[in-house]
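A.B. asks: Let me begin by handing over the structure; questions about it come next.
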Amino acid sequence: MSDPVKTSLLTLDARTKKRNAAETRFRMYGLAAIGTGLAMLVLLLVTIFGNGLGAFQQTFVTLNVPLLESKLDKKGERDLAKIKKVSTFGYAPLLSQAMEDALAENGIDSDLKAKKQAALLSKSAAADLRNFVIANTDKIGETVEFTFLANSRVDGYLKNRVTRTSIADDKSINAEQLDLVDELVAAGVIKKRFNISFITGADASDQRPEAAGMGVAMMGSFFMMLVVLALALPIGVAASIYLEEFAPKNWITDIIEVNISNLAAVPSIVFGILGLAVFINYMHLPQSAPLVGGLVLTLMTLPTIIISTRASLKSVPPSIRDAALGVGASKMQSVFHHVLPLAAPGILTGTIIGLAQALGETAPLLLIGMIGFIASNAPDSVASGLLDPNSAMPAQIYEWAKRADPAFYERAWGGIIILLAFLVTMNTIAVLLRRRFERRW
């Protein structure tokens, strides 16, 4: 009889080694997957911020503009109606004179004609000057210092987006003008600085990309989110409470639950078609209005809120309901006094995530017309904000991205940064609310 084989717990046999090797490989696969995901995220953020941060800086030209009475108010009557009759063409000579004075003051010689020198300014400069004079008629006759936007080519040149090679066939600027820009930069007349108008301003025409801003589109998104919050939260929570706590379990509720789950997976553009057919063509609500956009996004967000709310209600232990009923509470009292407060963190989290998803949607807004050129100021009332035509942040980004001028492309990336800031803020609030009100059983 042979002696038994002696083994030790500390000695690994072939099968154990194989199992441990498989576990090690699985861990490595997991780490590789996480590393790949993080690398893609870093690449995305570097691309977004690398292309978009330039939109938050803009090139400005500082000039002392003589507000000549002979050009703006020949009779010296200070009659506002007559002053308003002076068009932006009447202000162009003042800008040309201011540019010539700046060159002379800094000892800069240029063979360019006055029109070419003034072309370094944005096409919005004359309108900005006219608006100032209309608001400050007492300044006529004085020389006032102004800071105007430089045109997009000058701005692109200082941001290395425009080069002397790329302007070979560009009719908007030439090498002589870039030489003048270099001298004005050295003299301190032209400077880059933070551009608050990009955050607070409105869209601009194709001729004035340097003046385009996200402010009005942000207001459009804000009013849409008000509509979504006012409708989706109460309707979604009420529907969830009924389906989860009160509805009988039969084939009708099964069909409803299946359809809610299916609606959560429907492409957003389908909701846009529905909104176009029902709210605009049938109900004749104003096209491009944030009210219509909010209604469409409400339909899209409702399934998400209902599903997340039902999951939160299910997470409350049955013992809470049983205890409430055991001490004499009614079914409604047990739900609203005990179950709903305990499910509130999950409900709030699901709602905020649903709002964040709605905030970034573009396809439904394209179909209801919220991509138009909106150059107006911010709405002056809630009714105006809901019913007047407007755009939204994702739609504005889409509109800029498809324009030809590279300056608009830069603004599209900058708009993405603003949109991401909103989304990160909303998701952070969701996490904080969950941690603040979370109960552990």
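A.B. asks: Taking Ser166, is it open to solvent by 40 Å² or more (accessible area, probe 1.4 Å), touching a Leu at 6+ places or on another chain (Cβ under 9 Å) and among the small types (Gly, Ala, Ser)?
C.D. replies: In short, no.
A.B. asks: Considering only residues that are surrounded by 15 or more Cβ atoms within 10 Å (Cβ to Cβ) and of a type outside the set (Ser, Thr, Tyr), which ones fall in the range 78-89?
C.D. replies: Ile83, Val86
Residues are listed down the side, and each one gets a yes or a no for (1) basic (Lys, Arg); (2) assigned to a loop (DSSP other than H, G, I, E, B); (3) surrounded by 15 or more Cβ atoms within 10 Å (Cβ to Cβ); (4) at pLDDT 90 or above:
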{"position": "Ala39", "(1), (2), (3), (4)": "no, no, no, yes"}
{"position": "Thr59", "(1), (2), (3), (4)": "no, no, yes, yes"}
{"position": "Asn64", "(1), (2), (3), (4)": "no, no, no, yes"}
{"position": "Lys71", "(1), (2), (3), (4)": "yes, no, yes, no"}
{"position": "Gly76", "(1), (2), (3), (4)": "no, yes, no, no"}
{"position": "Ala92", "(1), (2), (3), (4)": "no, no, yes, no"}
{"position": "Val133", "(1), (2), (3), (4)": "no, no, yes, no"}
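A.B. asks: Taking the condition open to solvent by less than 70 Å² (accessible area, probe 1.4 Å), over 16 Å from Ala135 (Cα atoms) and part of a loop (DSSP other than H, G, I, E, B), does Gly107 pass?
C.D. replies: On the way: open to solvent by less than 70 Å² (accessible area, probe 1.4 Å): yes; over 16 Å from Ala135 (Cα atoms): yes; part of a loop (DSSP other than H, G, I, E, B): yes.
Criteria met by Gly107.
A.B. asks: Moving to a separate point now. Can you say whether Ala358 is surrounded by fewer than 20 Cβ atoms within 10 Å (Cβ to Cβ), under 30 Å from Pro267 (Cβ atoms), in contact (Cβ under 8 Å) with a residue 40 or more places away in the chain and not polar (S, T, N, Q), as far as the supplied structure shows? Write out each step before concluding.
C.D. replies: Values: surrounded by fewer than 20 Cβ atoms within 10 Å (Cβ to Cβ): no; under 30 Å from Pro267 (Cβ atoms): yes; in contact (Cβ under 8 Å) with a residue 40 or more places away in the chain: yes; not polar (S, T, N, Q): yes.
So Ala358 fails the test.
A.B. asks: Same structure, new question: Looking at the structure I just gave you, is Gly50 surrounded by fewer than 16 Cβ atoms within 10 Å (Cβ to Cβ) and on the phi > 0 side of the Ramachandran plot?
C.D. replies: No.
A.B. asks: Just give me the residues in the range 252-299 being more than 24 Å from the chain's Cα centre (by Cα) and crowded, with 21+ Cβ neighbours inside 10 Å, in sequence order.
C.D. replies: Phe279
A.B. asks: Taking the range 396-429 as the search range and keeping residues that are surrounded by fewer than 19 Cβ atoms within 10 Å (Cβ to Cβ) and of a type in the set (Gly, Ala, Ser), which one is farthest from the chain's Cα centre (by Cα)?
C.D. replies: Restricting to residues being surrounded by fewer than 19 Cβ atoms within 10 Å (Cβ to Cβ) and of a type in the set (Gly, Ala, Ser), the top hit is Ala404.
A.B. asks: Among the residues of the range 198-249, what is the count of those that are over 15 Å from Ile397 (Cα atoms), in a loop (DSSP other than H, G, I, E, B), open to solvent by 50 Å² or more (accessible area, probe 1.4 Å) and not basic (Lys, Arg)?
C.D. replies: Adding up the residues that qualify gives 2.
A.B. asks: Determine the pairs where a residue that is touching a residue at least 40 places away in the same chain (Cβ under 8 Å) and assigned to a helix (DSSP H, G or I), located within the range 142-171, has a partner that is open to solvent by less than 80 Å² (accessible area, probe 1.4 Å) and of a type in the set (A, V, I, L, M) with Cβ atoms under 7 Å apart, the partner being 6 or more residues away or on another chain.
C.D. replies: Final answer for the pair search is Ser152/Ala407; Val154/Leu120; Val154/Val181; Asp155/Ala407; Gly156/Val162; Gly156/Ala407.
The values are calculated or read from the model by the stated rules, or taken from the named source; none is laboratory data. Note that this is a predicted model, so its numbers are computed, not measured. We place every Cβ from the backbone using ideal geometry, glycine too, and count neighbours over all the protein chains shown. SASA here: full protein model, heavy atoms, side chains in, ligands and nucleic acids out. Shrake-Rupley method; radii C 1.70, N 1.55, O 1.52, S 1.80 Å.
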